[in-house]
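Report on the structure given below.
The values are calculated or read from the model by the stated rules, or taken from the named source; none is laboratory data. Just so we're clear, the structure is a prediction, and the values are computed from it rather than from any experiment. Heads up, the Cβs are rebuilt from the backbone with ideal geometry, glycines too, and the neighbour counts pull from every protein chain shown.
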Amino acid sequence: MNDKKDVLDHGPFFHGTKAELKTGDLLEAQHFSNYQDKKSNYIYFTASLDAAKWGAELATSKSKERIYVVEPSGDFENDPNLTDKRFPGNPTRSFRSQSPLIIVAELCSWERHSDEEINHMLTSIEKLREQGKNVIYD
């Protein structure tokens, strides 16, 4: 676990997904990604509710969108896919870990982005994919 004085962020932390989980479950690396057809080497999470909403809304499953409150069980680092690659610093407060995240609770009430905002984001992601720029460094 990160030493309290050296921790990157104190949270609370969220994970947006469409997976149906319960309190006490573990989110672990080496499961299929919500966004690509491959296993992920890391589990991703954020201290930003807005970023967690995007995670839930953009996950590829047709299941219900969910946001879980999570607690890292080990060390974590800034998500290099966002930090300094797309957004200087870490304004999205996005992180990744190879250690499991423990589900503490489900956030049952939250406001989705508008359909217009979601469609705009999906269009932007598709353009990046067509340009070969939609790469996740995992």
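Looking only at the range 107-116, decide whether some residue is more than 16 Å from the chain's Cα centre (by Cα), under 19 Å from Leu26 (Cβ atoms) and not acidic (Asp, Glu).
Within the range 107-116, none of the residues are more than 16 Å from the chain's Cα centre (by Cα), under 19 Å from Leu26 (Cβ atoms) and not acidic (Asp, Glu).
List every residue pair whose Cβ atoms sit under 9 Å apart, with the two residues 6 or more apart in sequence or on different chains, where the first one lies in the range 112-138 and is over 22 Å from Arg96 (Cα atoms) and of a type in the set (Lys, Arg) and the second, anywhere, is surrounded by 11 or more Cβ atoms within 10 Å (Cβ to Cβ) and at pLDDT below 90.
Pairs found: Lys127/Asn134.
Among the residues of the range 109-122, what is the count of those that are loosely packed, with under 10 Cβ neighbours inside 10 Å and either farther than 16 Å from Arg66 by Cα or among the hydroxyl-bearing types (Ser, Thr, Tyr) (or both)?
4
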